[in-house]
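Each remark here refers to the structure printed beneath this line.
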Amino acid sequence: MKVCIVCLIVAIALYPLAAMADTSFLFIGNSHTNANGLKDIFASLAESGGHTTYVDESTVGSSTLSYHSHYQPTLDKIQERDWDFVVLQEHSLVPVIPYWVENSFYPKATLLDSIITASGSNTALFMHQARENPSGVYCVFDYCSREFDDYFDMQAEMSSPYHPLAEALDVPLVRVGDVWAIALSGDPSLPLWSSDELHVSVEGSYLTACVFYSTFFGESPVGLAYTAGLDPPTALMYQELADPVMTSVSDLPLAVSSLTLLAHPNPFNPSTEIRFDLPEPAEVTLTIFDTAGRRVRMLTHGARLDAGAQRLRWNGCDDEGRRVGSGLYFAKLVAGDSVGRGKLVMLK
């Protein structure tokens, strides 16, 4: 039976759960899950907050959920006990390539969820961070991503498939990547990555563990004594970034880029209002794309708008006036030299 979702996190909707004692976790993933001993940092943080946990992992470098779905040691770990949460982490490139989202991420996560629930355990999804300085297009075999402008652009793309998947499976989503984007929009100099610009530093792991803590226990980590060796002021800063707050999904930031978009409502049906602020007058183009990168609707093209708050409504129709289907869509805003990107979810 699926667990009950009780609150949200860090200016974006997360799925924290009621505080529990003697909670067990199995982490399934690759180096993004085992870097710096994340499971041990999380367990120590939980203990600092008065929560007794048992945390184990099945991680293989560079592995995908497809790999884990037939990797016997992972399947054996799932059957080992009734886990409170089995946390799934996908390969860093699979969520940013539409072909692999539809043909690997979604079906294999769904398969693993069915195995997990059949064993009497609960699934959770771990959305991790994008690359620090993405460049160009990324390909897995013959299928490629679009070209990314910066970390925020790649993070928005990586985050997008997790939201509808978590909703479809009715499972908690640990929105680490989204929290990182908010943290970095406030201070781009935060040393969250290691030198390879792909994996996390100890500070990045600590922030990640704080988000796990907030998500699973529904409590603020602010004031916890455990710091993973960080100086107390630095640890407190990361604790505060993961402090859960009650907020509405309708205020969910679509993206963190040079321009920030908001949509109300989101998810939506039949229409949504896309909101943004212009720091100065600019010629604005706002376009909606589907997950294959095809243009669905151009809401405005080269319109001269004044500085300040702007609102443009999308009625859920394409350029031909036909209603679009349920699913994920992307909004791209170009205003002078600035760009903002984000996601919209149509539900019917």
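The values are calculated or read from the model by the stated rules, or taken from the named source; none is laboratory data. None of the values given here were measured: they were computed from a predicted structure. Glycine gets a Cβ as well: all are built from the backbone with ideal geometry, and neighbour counts include every protein chain shown.
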Could you list all residues from the stretch 115-172 that are surrounded by 23 or more Cβ atoms within 10 Å (Cβ to Cβ) and touching a His at 6+ places or on another chain (Cβ under 9 Å)?
-> F126, M127, H128, Q129, M158
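The rows are residues; the columns are (1) farther than 15 Å from L347 by Cα; (2) of a type in the set (D, E, K, R).
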{"site": "H264", "(1), (2)": "no, no"}
{"site": "N269", "(1), (2)": "no, no"}
{"site": "T272", "(1), (2)": "no, no"}
{"site": "L278", "(1), (2)": "yes, no"}
{"site": "R294", "(1), (2)": "yes, yes"}
{"site": "T300", "(1), (2)": "yes, no"}
{"site": "A307", "(1), (2)": "yes, no"}
{"site": "R322", "(1), (2)": "yes, yes"}
{"site": "S326", "(1), (2)": "no, no"}
Please indicate, with yes or no, whether at least one residue in the stretch 33-52 is touching a helix residue (DSSP H, G or I) at 6+ places or on another chain (Cβ under 9 Å), modelled with pLDDT under 80 and more than 24 Å from A109 (Cα to Cα).
-> no
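Just for strands (runs of 3 or more DSSP E) wholly inside the stretch 297-348: which have at least 1 residues that are surrounded by fewer than 16 Cβ atoms within 10 Å (Cβ to Cβ) and modelled with pLDDT of 90 or more?
Numbers: elements: 308-314, 327-335, 338-346.
Correct list: 308-314.
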Exclusive hit being of a type in the set (D, E), assigned by TED's automatic domain parsing to the domain that holds G61 and crowded, with 22+ Cβ neighbours inside 10 Å, set D196, D178 = D178
Just checking, which of S189, S185, S145 is polar (S, T, N, Q), farther than 29 Å from W83 by Cβ and in contact with a Cys (Cβ under 9 Å, 6 or more places away or on another chain)?
-> S145
Looking at the stretch 287-295, is at least one residue modelled with pLDDT of 90 or more, out of contact with any Ser or Thr (no Cβ under 8 Å at 6 or more places or on another chain), closer than 28 Å to W100 by Cα and surrounded by fewer than 18 Cβ atoms within 10 Å (Cβ to Cβ)?
-> yes
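Got a sec? Which helices (runs of 4 or more DSSP H) wholly within the stretch 37-99 have at least 3 residues that are among the aliphatic types (A, V, I, L, M) and buried (at least 19 other Cβ atoms within 10 Å of the Cβ)? Break it down stepwise before answering.
Working: elements: 38-48, 65-68, 72-79.
Passing ranges, in order: 38-48.
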Filtered residue count, the stretch 260-301, keeping only those that are under 25 Å from the mean Cα position of the chain (by Cα) and farther than 17 Å from D318 by Cα = 11
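Could you list, in sequence order, the residues of the stretch 271-311 that are among the acidic types (D, E) and over 13 Å from A331 (Cα atoms)?
Within the stretch 271-311, D277, E280, E283, D306 qualify.
Name the one entry in A130, A166, A124, A109 that is assigned to a loop (DSSP other than H, G, I, E, B) and within 14 Å of E90 (Cα to Cα). Give the derivation first.
Working: A166 fails: assigned to a loop (DSSP other than H, G, I, E, B); A124 fails: assigned to a loop (DSSP other than H, G, I, E, B); A109 fails: assigned to a loop (DSSP other than H, G, I, E, B).
Exactly one residue qualifies, and that residue is A130.
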